[in-house]
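All of the numbers you see were taken from the coordinates with simple rules; none came from a lab. The structure presented is a predicted model; accordingly, all values stated were derived computationally and were not measured.
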Amino acid sequence: MRAVRRVLPAHAASALRALAARRALRRDGGRDALPPGDGARHCTSQSETLPVLAIVGPGTVGLVACALCLLELLPLDAERDSLRRDSDAPRRGAVIVDYDAGNLRSVQRACREVGLDAAISADAEVVRSAERIIFPGVGAAGSAMRSLRAGGIDEALIGAYGAGTPILGICLGLQISLEHSEESGTDTLGLVPGMVRRFRLTDPALKIPHMGWNAVEVARPHPVLGDVEPGDEFYFVHAYFPQPRDPDDVLAQADYEGPFCCAIGRRNFVATQFHPEKSGRVGLALLKRFAAWDGHA
């Protein structure tokens, strides 16, 4: 199978190099088809334009995927084995919030890799009564909040937070957990005081969205980030970043023409701007820690 470049900005190069490296390392070597996932939803729901590839090969007609979709590959066998060593059975269940904001199946598969039984639900009462909640998402803050409010999921999340339920926000789930986003001037959930700002870059070599692998530095210890070592890289795709009002809510930072907050935490809520489900071994380790977290920081 060969890949024909249709749109490939320079900022996608790191993601594609990582994809090529992971393919080369696969033990079984014969799988070159993309796994099933949320590819079409990634390509259509992102508020920012993402690079796309047309995949051409035997039995493939008009398959188009963005670089984020191409990282839907499952972890290597060695990674799965190391993360499953001390967990032969699923942990207590979780609910992945479905509010039409993408990447749910990839999050669910990653949860299964670490022994966390996670169901996808758009039912507000299921979310409200969940033992733990994963709140992922890609897309625009405005449309996400409209979807949450239409289904009553906004109030369910606020109620679960108030009840002490462990909650993990991912990417857009982090952004709309604050009070306000500069994206379309959107008022958001307000679980964490603060706002979300758009990158304003002066270096023409740096593109928006910030897309690819970037090192994450832990600023404040937290049980969910306990396995993150200096220099560990996670996968990002975003044009906006969180700015909590209280500096103590900043758990980790990354650098993109200067430091920016990439993980936040308050009480029983923790969230990452990066995608742990697409970050290989280090991302799975983070999900495994969330699966065991009791909600106390």
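A few comments on the model shown:
- Antiparallel beta bridges, as assigned by DSSP with both residues in the stretch 84-192, represent about 15 percent of the total such bridges.
- Over the stretch 162-291, equivalent-ellipsoid semi-axes from the Cα gyration tensor in Å: 21, 19, 12
- Shape call, the stretch 93-132: gyration tensor on alpha carbons, a/c limit 1.5: oblate
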